[in-house]
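Remarks on the structure that follows.
Every read-out reported here was derived from the displayed coordinates using simple, explicitly stated rules and does not represent laboratory data. Just so you know, these numbers come straight off a predicted model, no measurement behind them. In this analysis, Cβ positions are derived from the backbone assuming ideal geometry, glycine residues included, and neighbour counts consider all displayed protein chains.
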Amino acid sequence: MAEVIIYFNPKCGTARNTLALIRDAGIEPQIIDYMKNPLSRGQLAALAKRAGGAAALLREKEPLAAEMGLKGAAEEVILDAIATHPILFNRPVVVTPKGVKACRPAELVKELL
């Protein structure tokens with residue numbers, strides 16, 4: 001299979017479970033810890049386009065999202081916020097040739113493998 005990328009936060013149980021499911025499928029993905037290596041605004045825009053919109057990349061449960069009034073906000077506003085505050089990036093996001101998806105719950109990754 002072509003390259004699989006997981007945007008990963010090691011503190012997140014769902015991210016760890018998703019990584020385990022990918023490995024269980026016999027795939028060793030490229031792992032990007034987005035907290036240590038934040039995505040650029042351009043990278044976020046490209047992911048959002050493939051994921052069905054910036055809202056798919058927004059971690060709405062993060063208190064900062066509510067503080068910033070991001071639920072239902074315009075694409076550009078969401079992307080700018082995530083680029084500035086990586087904690088707002090929904091985790092884990094998996095990229096495969098089949099698409100891009102925030103895998104919450106972890107089992108959603110199976111649709112991409």
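When the trypsin sites (Lys or Arg not before Pro) in region 38-90 are filtered for DSSP coil states and for at most 15 other beta-carbon atoms within 10 Å of their beta-carbon, the remaining sites are 61, 71. Around the amide H of residue 101, modelled in the peptide plane, lie the amide H atoms of 94, all under 5 Å away and 5 or more residues distant in sequence or on another chain. Across every pair of non-identical alpha carbons in the chain, the mean reciprocal distance, once inverted, gives a Kirkwood radius of 13.9 Å. The longest part of the chain holding none of the exposed loop GluC sites (Glu not before Pro), meaning those outside H, G, I, E and B in DSSP with at most 13 other Cβ atoms within 10 Å, is 4-59.
As a length-normalised measure over Cα pairs under 8 Å and 6 or more apart, the relative contact order of the chain settles at 35 percent. Per residue, the chain reaches -9500 deg cm²/dmol at 222 nm when only DSSP H runs of four or more residues are counted, each adding -39500 (n - 2.57). Amide hydrogen proximity for residue 33: with H placed 1.01 Å from N in the peptide plane, the residues at 5 or more positions away or on another chain lying under 5 Å are 8.
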